[in-house]
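Each remark here refers to the structure printed beneath this line.
What follows draws every value from the coordinates through simple rules; no lab data is involved. Just so it is clear, the model here is predicted, and its values are computed rather than measured. Note that we place each Cβ from the backbone using ideal geometry, even for glycine, and neighbour counts take in every protein chain shown.
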Amino acid sequence: MTRADLGARIGLSKAAMSGLTRELLDKGLLRETSTVQRQGRPSTLLDLRPEGAYFIGVSMMSDPALIALVDLKGGIVASIEVPRSIDPDAFAQTVADSLPSLTRTGGVASERVAGMGVSLSGLVDQEQANCIKSTLLGWQDVPLAKLIRTRTNLPTFIENDAKALAVREKLFGEARDMHAFTLIWLGDGIGAAHFVHDRLYRGAHGGAGEIAHCTVDVDGLPCRCGKIGCLDTVASMIAILDQARADGIEAETLRDVEAVAASGSSSAIRLLHRAGSALGLAIAQIIQINDPQMVVVTHREEAFDGLFATVMQQAIEANVLPRLSGDTPIRMRRVADDAWAVGAASVATQSFLNGII
């Protein structure tokens, strides 16, 4: 954008905008890119300078865990895999021990790293400091941010996996110019995150978005959370594959189940209909409650254009007011394994941009 465009957007005078951009250029956070003609006069476009600041993103969504060095525009500069210890102290030390090698590989001086984010599966508190509970890791009330910060001297923030992906989407993705959107993560578990009025909505206790544990079948299977019939027991990838095997279907991925359904298997078709309908209904309720500008359904599966996705979309359309259904695009997006590392770094980037660090 030009200085004039920026000034108009944030309500600053030409002189104030000029002084502000000069300061940010001197600090190395902005750069001038190219010149355009505006009303007969040349104007210079400004952009964020990728090397203006760096952030560490730690993903605990896989084992080994992935640690990435990420620039100010969300690009991965270097990455390293480390063992994902479920001992919080041991993991914090592993992260600290990996940083010198990571920054050296990326050619970045350690003092240019502004902060760190960690993404994990679980409930995180309002301060993004403590893991309240993670069934996957077996954690409860773990002060992970403090453990890492003590060893690295870096401002550290932890975040739920779906919320980290949503922050990444807001800073660097299709939702950059959206004020309200919802992101759904569909994997071994199911998560959701909501941006409302340009801010990540966390709820009163950090639990906003826990759709995995909405009850969809009161007579259903026990859930790992201790409840009965949660969405997680019907529509997560683990639930789909477990049910497929229970029905005698040999399947290791959603693609396998889709292939069996395409061959005419009534049990596979019934399974995908049940899972897709449950997830679609949950998304429909989110649309009814939040009225987002967009819903992004993120997944790792290669096959996400078959019966499951079709039924999910049909369930959304059938259970949302026609006006909202027609105005709320549903985007399907496959994410790579490094998405949560960039998402974690994005959490730290957001704190940096908001002046928290």
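A compact table of results
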| quantity | calculated |
| --- | --- |
| 0 to 90° range, to nearest 10: angle between helix 307-319 axis and the chain longest Cα axis | 80 degrees |
| Amide H contacts of residue 331 (H built 1.01 Å from N, under 5 Å, at least 5 apart or other chain) | 295, 296, 297 |
| Ranked list, fewest to most other Cβ atoms within 10 Å of each Cβ, for 185, 139 | 139, 185 |
| Rg/Rh (Cα only; Kirkwood hydrodynamic radius) as it applies to the range 120-209 | 0.99 |
| Note, ³J(HN,Hα) from phi for the range 332-347, Karplus 6.51, -1.76, 1.60, rounded to Hz, x at Gly and Pro | 9, 9, 7, 10, 7, 5, 7, 4, 6, 5, 5, x, 4, 5, 5, 4 |
| The range 290-308 versus the range 15-52: alpha-carbon centroid distance in Å | 37 Å |
| Relative contact order %, the range 3-48, counting alpha carbon pairs below 8 Å whose residues are six or more apart | 30 percent |
| Packing-based ranking, highest mean first, of 150-161, 256-267, 297-308 given that Cβ atoms within 10 Å are counted | 150-161, 297-308, 256-267 |
| Under Karplus coefficients 6.51, -1.76 and 1.60, residue-wise ³J(HN,Hα) of the range 240-250 in Hz, glycine/proline x | 5, 6, 4, 5, 4, 5, 5, 8, x, 9, 7 |
| Which of 24, 46, 7, positive extreme of dipole for the range 3-48 (C-beta unit charges) | 7 |
| Cα point-scatterer Debye curve for the range 198-252, base-10 log of I(q)/I(0) at q = 0.12, 0.13 Å⁻¹ | -0.37, -0.42 |
| Computed Kirkwood radius, in angstrom, where 1/r is averaged over Cα pairs of the chain | 21.9 Å |
| Whole-number percent relative contact order across the range 1-135, with pairs defined as alpha carbons under 8 Å at least 6 apart | 17 percent |
| For residue 216, distant residues with modelled amide H under 5 Å away | 230, 231 |
| In the chain, lysine pairs with alpha-carbon atoms under 19 angstrom apart (chain gap of 8 or more, or interchain) | 6 |
| Charge context of residue 191, other residues only, Cβ under 9 angstrom, K/R +1, D/E -1 | -1 |
| Computed Kirkwood radius, in angstrom, where 1/r is averaged over Cα pairs of the range 148-298 | 16.9 Å |
| Sequence of 31, 202, 38 once ranked by neighbouring C-beta atoms within 10 Å, starting from the fewest | 38, 31, 202 |
| Reference-scaled alpha-carbon Rg (2.2 N^0.38 Å with N residues) for the range 1-70 | 1.57 |
| Burial ranking of peptide ranges 339-351, 283-295 (average Cβ count within 10 Å, highest at the top) | 339-351, 283-295 |
| 222 nm mean residue ellipticity, helices alone, for the chain (DSSP H n ≥ 4; -39,500 (n - 2.57); rounded to 500) | -12500 deg cm²/dmol |
| Between helix 88-106 and the chain: long-axis angle, C-alpha atoms, 0 to 90°, nearest 10 | 50 degrees |
| DSSP-defined antiparallel bridges as percent of all bridges, the range 1-129, nearest 5 | 75 percent |
| Relative packing of 163-175, 319-331, 44-56, which averages over residues the other C-beta atoms within 10 Å, highest first | 163-175, 44-56, 319-331 |
| Value of relative contact order over the range 128-283, rounded to a whole percent, pairs C-alpha under 8 Å and six or more apart | 12 percent |
| DSSP-defined beta bridges in the chain - what % are antiparallel, rounded to 5 | 65 percent |
| Between the range 195-237 and the range 108-131, the alpha-carbon center distance in angstrom | 23 Å |
| Amide H within-cut-off set for residue 208, under 5 Å, with H built and near neighbours excluded | 203 |
| Stokes-Einstein translational diffusion, the range 62-195 - Kirkwood Rh over all Cα pairs, 1.002 mPa s, 20 °C, in µm²/s | 137 µm²/s |
| Rounded tilt (10° steps) of 266-290 against the dominant C-alpha axis of the chain | 40 degrees |
